[in-house]
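Just so you know, all these numbers are worked out from the coordinates, no wet-lab data involved. Fair warning: this is a prediction, and the values are worked out from it, not measured in the lab. Using ideal geometry, Cβ is built from the backbone for each residue, glycine included, and neighbour counts are taken over all protein chains shown.
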Amino acid sequence: MIREILRMGDPRLLEKSRPVEAFGTTELRTLIGDMQDTMRAANGAGLAAPQVGIGLRVVIFGFEASPRYPQAEPVPFTILVNPVVTPLADEMEEGWEGCLSVPGLRGMVPRWVHLRYSGFDAEGEPIEREARGFHARVVQHECDHLDGILYPMRMRDFSRFGFTDVLFPDANIPED
């Protein structure tokens with residue numbers, strides 16, 4: 001089922017999410033299935049449970065090709081519950097980000113270039129991976145939602161924040 005995506009200004013997006021305590025439940029599987037339907041319908045690169053009004057530490061992300069990020073390399077589809085993100089180097093890189101909860105806008109956001117993430121799948125099986133580049137960016141962006149952080153809160157220079165169609169008029173990037 002496609003759920004409504006909350007937009008910036010909704011106070012639920014600023015709340016810290018609770019850890020998932022029970023894995024393999026019908027409720028958790030339904031939430032994840034609805035998140036997948038919602039992310040696909042919106043052409044998203046990822047989605048966090050708080051974006052659909054559920055204050056649990058659940059994110060999904062991944063794509064083969066993204067119409068919203070046409071230059072991005074593929075990111076493996078991942079369901080990540082109770083994630084932990086650990087930077088593996090001090091190096092950070094700025095890159096353009098958008099968000100389904102901040103529709104129509106993009107901003108230049110600093111993120112760690114190389115990290116490890118861990119957590120669990122829907123059944124409670126452990127996941128641990130290293131990520132670089134856009135994959136690492138997506139993980140950080142989605143996990144920020146679990147702590148009530150939207151990407152504009154990470155920006156350093158608001159002269160590099162604007163409407164997608166104005167910033168990239170010839171890119172043919174779909175609206176959020």
Heads up, the range 88-136 by the C-alpha gyration tensor (a ≥ b ≥ c square roots of eigenvalues; a/c under 1.5 rounded, else a/b over b/c prolate, else oblate) looks oblate
Protection proxy (average C-beta count within 10 Å per residue), highest first, orders 150-163, 125-138 as 125-138, 150-163
Within the range 1-17, the residues whose backbone N lies under 13 Å from a label point placed 7 Å from the Cα of ALA41 along the Cα-to-Cβ direction are 1-6
Note on the range 11-167: alpha-carbon gyration tensor, axes a ≥ b ≥ c; rule is a/c under 1.5 for rounded, else prolate if a/b larger than b/c, else oblate; result prolate
Largest fluctuation, ALA122, ALA22, ALA72 only, Gaussian network model of the chain with Cα springs under 10 angstrom, belongs to ALA22
Output ordering of 9-16, 97-104, 28-35 (per-residue mean of other Cβ within 10 Å, highest first) is 97-104, 28-35, 9-16
The range 99-141 scanned against label point 7 Å out from ARG7 along Cα→C-beta; backbone N under 15 Å for 99-106
With label points set 7 Å from each Cα along the Cα-to-Cβ direction at LYS16 and ILE149, the distance between them in nm comes to 1.3
So the angle from the long Cα axis of helix 26-41 to the longest Cα principal axis of the chain, reported in degrees to the nearest 10, equals 20
If one compares the long axis through the Cα atoms of helix 133-145 with the longest principal axis of the Cα atoms of the chain, the angle in degrees, nearest 10, works out at 70
